[in-house]
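Inspection log for the structure reproduced underneath, given as structure tokens.
No lab work stands behind these numbers, since they all come straight from the coordinates. Note that the structure is predicted; figures quoted are calculated from it, not measured. Every residue, glycine as well, gets a Cβ built from its backbone with ideal geometry; the counts of neighbours run over all protein chains shown.
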Amino acid sequence: MAMLHTVCKSPFERDAMKSCLAHVVSGSSVLLIEDGVVGAVDNTAVSDLVKGAMENVSLFVLGEDLKARGISEDKLIDGITVVDYSGFVDLATKNDNVQSWV
């Protein structure tokens with residue numbers, strides 16, 4: 001069963017991303033939204049954790065939330081896909097369930 005996991009909290013303030021990545025199964029999708037988008041930035045304390053998860057799951061980040069936080073796409077970990085709100089809806093409809101990590 002395909003599942004979309006959304007993470008809305010910064011991995012530098014809460015353990016939501018770490019918990020999410022510890023529980024996702026192969027074939028799942030993870031979408032970083034709101035303050036969770038900072039977890040997509042390369043060369044940080046969580047970059048290796050995110051890169052390791054990308055071996056089994058697809059990672060996405062909401063572009064509007066990147067812009068709102070002044071993060072440019074060239075700072076992201078390679079392989080993370082930037083989506084807009086329409087892409088968020090597509091992810092939600094293509095998966096059987098959505099799990100929010102707060």
Express the relative contact order of the chain as a whole percentage, based on alpha carbon pairs under 8 Å and six or more residues apart in sequence. 37
Per residue of the range 40-49, in order, report the coupling 6.51 cos²θ - 1.76 cosθ + 1.60 (Karplus, θ = phi - 60°) as ³J(HN,Hα) in whole Hz, putting x for Gly and Pro. 8, 6, 6, 6, 10, 5, 10, 4, 5, 4
Among 72-79, 20-27, the order from most to least packed when residues are scored by Cβ within 10 Å on average: 20-27, 72-79
Quote to one decimal, in nm, the extra length available between T81 and E64 on full extension: 0.36 nm per residue of separation minus the C-alpha distance between them. 4.8 nm
Please list the non-local residues whose amide H lies under 5 Å from the amide H of V82, H modeled 1.01 Å from N, same-chain partners needing a gap of 5 or more. V61
Nothing charged except the Cβ atoms of Lys and Arg (+1) and of Asp and Glu (-1): what's the magnitude of the dipole of the chain about its Cα centre? Round to the nearest 20 debye. 180
Given points 7 Å out from each Cα along the Cα-Cβ axis, report the V25 to N43 separation in nanometres with one decimal. 3.8
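Only helical DSSP H runs with n ≥ 4 go in: add -39500 (n - 2.57) per run for the chain, normalise by residue count and round the 222 nm mean residue ellipticity to 500 deg cm²/dmol.
Mean residue ellipticity, 222 nm, calculated: -8000 deg cm²/dmol.
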Taking amide H positions as placed in the peptide plane 1.01 Å from N, state which residues far from Q99 in sequence (5 or more) or on other chains have amide H under 5 Å from it. L4, H5, T6
If you plug each phi of the range 4-16 into the Karplus form 6.51 cos²θ - 1.76 cosθ + 1.60 with θ = phi - 60°, what whole-Hz ³J(HN,Hα) values come out, in order, with x for Gly and Pro? 9, 10, 10, 10, 10, 10, 4, x, 9, 10, 9, 9, 4
Hz values of 3J(HN,Hα) by residue in the range 23-37 - Karplus curve (6.51, -1.76, 1.60), Gly and Pro given as x: 10, 5, 10, 3, x, 6, 10, 10, 10, 8, 10, 6, 6, x, 4
